[in-house]
Amino acid sequence: ERACISAFYFQRIFNILCGFTVGEYIRCRRLSMAAQELSKADARVIDVALKYGYDSPDSFARAFTKFHGIPPSSARIKGANLKLFAPVKIKLILEGGTML
């Protein structure tokens, strides 16, 4: 609604501009934020899994390991190699044009 276009066209434009789907972006952002939370806090894996939309700790652990290359329990180790997926910012600037 904010983009004033249908969800279908928004997803197509997002994919063209960013190179990945909206679903991939959301998954990567959630796993990135979960890794940050696990590395900085004493949060339990199950709590983080539920917070970021996973139905079970097992499905979270599989997705986490596939994305980061290490299990969630290893994210607490200082110096763990975690992938951080920064937020995407899209700016549209229209300049120029002449009045006829």
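Coordinate-derived values only; no laboratory data. Source: prediction; values computed, not measured. For neighbour counting, all protein chains shown are included, and Cβ atoms are generated from backbone atoms with ideal geometry for every residue, glycine included.
Annotations
- The label-point distance for residue 2 and residue 76, in a model that sets each label 7 Å from Cα toward Cβ, rounds to 3.5 nm.
- Magnitude of the charge dipole, the range 22-76, Cβ model with Lys/Arg +1 and Asp/Glu -1, debye to 20: 140 debye
- Fewest-first ranking of 18, 28, 4, using other Cβ atoms within 10 Å as the exposure measure: 4, 18, 28
- Among the listed pairs 40/91; 40/78; 40/83, a Cα-Cα separation exceeding 21 Å is found for 40/91.
- Using a Förster distance of 35 Å, the FRET efficiency for residue 10-residue 83 (Cβ separation, nearest 0.05): 0.85
- Rounded to the nearest 20, the Cβ-based charge dipole of the chain about its Cα centre (Lys and Arg +1, Asp and Glu -1) stands at 240 debye.
- Between the listed residues 79, 16, 59, the Cα displaced farthest toward the positive end of the dipole of the chain, a dipole computed from Cβ unit charges relative to the Cα centre, is found at 79.
- The chain - convex hull of alpha carbons, volume per residue in Å³: 146 Å³
- The trypsin sites (Lys or Arg not before Pro) of the range 22-100 that DSSP puts in a loop, and whose beta carbon has at most 15 other beta carbons within 10 Å, are 44, 78, 83, 89, 91.
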